[in-house]
1. For ARG65, indicate whether it is loosely packed, with under 13 Cβ neighbours inside 10 Å, modelled with pLDDT of 95 or more and part of a helix (DSSP H, G or I).
2. Report every pair of residues separated by at least 6 positions or lying on different chains whose Cβ atoms are under 7 Å apart, first residue within the stretch 20-47 and surrounded by 11 or more Cβ atoms within 10 Å (Cβ to Cβ), second not polar (S, T, N, Q) and not in a helix (DSSP H, G or I).
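The values are calculated or read from the model by the stated rules, or taken from the named source; none is laboratory data. Fair warning: this is a prediction, and the values are worked out from it, not measured in the lab. Positions of Cβ are backbone-derived with ideal geometry, glycine not excepted, and every protein chain shown enters the neighbour counts.
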Amino acid sequence: MVCEVSPMSLSRQELNEAMVQTKQDIFRLKYDLGETVDPRKEREIKRKLRELQILHYWQLKILERMEKSE
């Protein structure tokens, strides 16, 4: 689900692909959250969702940095 790669080794295209995958994972988890009735599973989904949102934030920051350096 989550690809952990050093930002220094990512090309802009790879970063964009990773961002698309992260967004898809976020949308899937939001759907799963709406479908679940188990409180334990809900907590787990919320934890994963938060991790992916943080990852997406840093992907955006890295992309901004790449754009500034061009």
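1. Here the answer is no, as ARG65 does not meet what is asked.
2. From the stretch 20-47, the pairs are ASP25/MET1.
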